[in-house]
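Working notes, structure below.
The values are calculated or read from the model by the stated rules, or taken from the named source; none is laboratory data. Keep in mind it's a predicted model, so treat the numbers as computed, not measured. Cβ sites come from the backbone with ideal geometry, for glycine too, and all protein chains shown count toward neighbours. What goes into the accessible areas is simple: the full protein's heavy atoms, side chains included, and nothing from ligands, DNA or RNA. Shrake-Rupley method; radii C 1.70, N 1.55, O 1.52, S 1.80 Å.
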Amino acid sequence: MREHDALDNNPHISRQALEALHGQLFGWALSRCGYDDATAEDLMQQAYVEVLSGKARFENRSTLKTFMFGVVQNLARSRFRRQNTRLRIIDAYAAEQDDVAAPEKEYGNLKIVWDAVESLPQRQRDITELVFIRDMTIEEASTVMGVTVGTGRVHYDRAKKSLAKRLADLNTKESMQ
Amino acid sequence: MNEDQVRQRLKDAYQAADGKPPSFDEVWAAAEVQHGLSRRRFRTIGGIAAAVAVIGITLGLWPEQQAELTDEFLIADSLLNSTSWSAPSDSLMPEHQFDIYQGIHFLNESTNSQEGSLL
């Protein structure tokens, strides 16, 4: 069914539906690009262009949220694949100069949580974010990540165990204070 | 630490990192402009490609057509400007060897008649 503000090249997507997803999608875009606001905004814009042009076509086979998260994921993947070599050179240079600057998120207990998250392999980190933070099911998260549901479940279980183990100390620390 | 606690910890951490998203209207407007530009660029490139193809085809056909026109013109021109013409069969005729009138120095011509006949 075509909605009243449906896009010309994507009749199953309305501007209103995208607006409702905007905040969550931005969070996902941020985590795709190392929490760089400008890059995340650029990714969002690119995702909307893909939808406007019909290059990314939504056929109602999944939820719009899953579809849009997938679009951002693919865009980020292809963008950073291209930049990867360049970034690796820059990183190597930065590491030689001095220690990497402390991320802004390093304060209080959040640092411990982030350390735990960042210690996870990329796929485990992604599925944790999609399920815990972006409120997706494991099936939806697996679709976004482009893996089978079985693989998604394995990553999810491992991530959960690893995080619980690492964050257990945090609870002890807090109860002692 | 149970699953709910892990979830809550992560939510707090991500919430702090996610920050405030940019205005949807701004990002959408920028996307529409970019989409419009790329569509216009696509049309321009398509137009240029079509023009190049037409020019290429025209130029590709031109020399041949020009040669034909020139040939035709030359044939017509040479025919119009010629002052002598020989039939194709002339070359088959025997060459001139004698004049049948050579031996007759004088031809009697008279309009006088005798007994009803010309002299």
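Quick look at the numbers
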{"item": "Evaluation of residue A:35 against (1) facing another protein chain (nearest Cβ under 8 Å); (2) more than 23 Å from residue B:37 (Cβ to Cβ); (3) more than 13 Å from the chain's Cα centre (by Cα) (one fails), failing number", "result": "(3)"}
{"item": "Residues being loosely packed, with under 14 Cβ neighbours inside 10 Å and in contact with a helix residue (DSSP H, G or I) (Cβ under 9 Å, 6 or more places away or on another chain) - total across segment A:116-138", "result": "4"}
{"item": "Residues satisfying the stated conditions in segment B:12-36, i.e. within 30 Å of residue A:168 (Cα to Cα) and either touching a Ser or Thr at 6+ places or on another chain (Cβ under 7 Å) or surrounded by 15 or more Cβ atoms within 10 Å (Cβ to Cβ) (or both)", "result": "B:13, B:14, B:16, B:17, B:18"}
{"item": "Residue within segment B:37-47 that is open to solvent by 80 Å² or more (accessible area, probe 1.4 Å) and not in a helix (DSSP H, G or I) present", "result": "no"}
{"item": "Hey, residue B:50 of a type outside the set (Ser, Thr, Tyr), surrounded by 10 or more Cβ atoms within 10 Å (Cβ to Cβ) and at pLDDT below 85 or not", "result": "no"}
{"item": "Residue, nearest to the other protein chains (Cβ to nearest Cβ), within segment B:1-36, restricted to residues that are assigned to a helix (DSSP H, G or I) and among the polar types (S, T, N, Q)", "result": "B:34"}
{"item": "Residues of segment A:17-28 classified as more than 10 Å from chain B (Cβ to nearest Cβ) and either of a type in the set (Phe, Trp, Tyr) or open to solvent by 40 Å² or more (accessible area, probe 1.4 Å) (or both), total", "result": "0"}
{"item": "Odd one out for residue A:57 among (1) more than 18 Å from the chain's Cα centre (by Cα); (2) within 12 Å of chain B (Cβ to nearest Cβ)", "result": "(2)"}
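A quick yes/no check of all residues on (1) assigned to a loop (DSSP other than H, G, I, E, B); (2) at pLDDT 90 or above; (3) open to solvent by 20 Å² or more (accessible area, probe 1.4 Å):
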| site | (1), (2), (3) |
| --- | --- |
| A:38 | no, yes, yes |
| A:43 | no, yes, no |
| A:57 | yes, yes, yes |
| A:69 | no, yes, no |
| A:72 | no, yes, no |
| A:76 | no, yes, no |
| A:80 | no, no, yes |
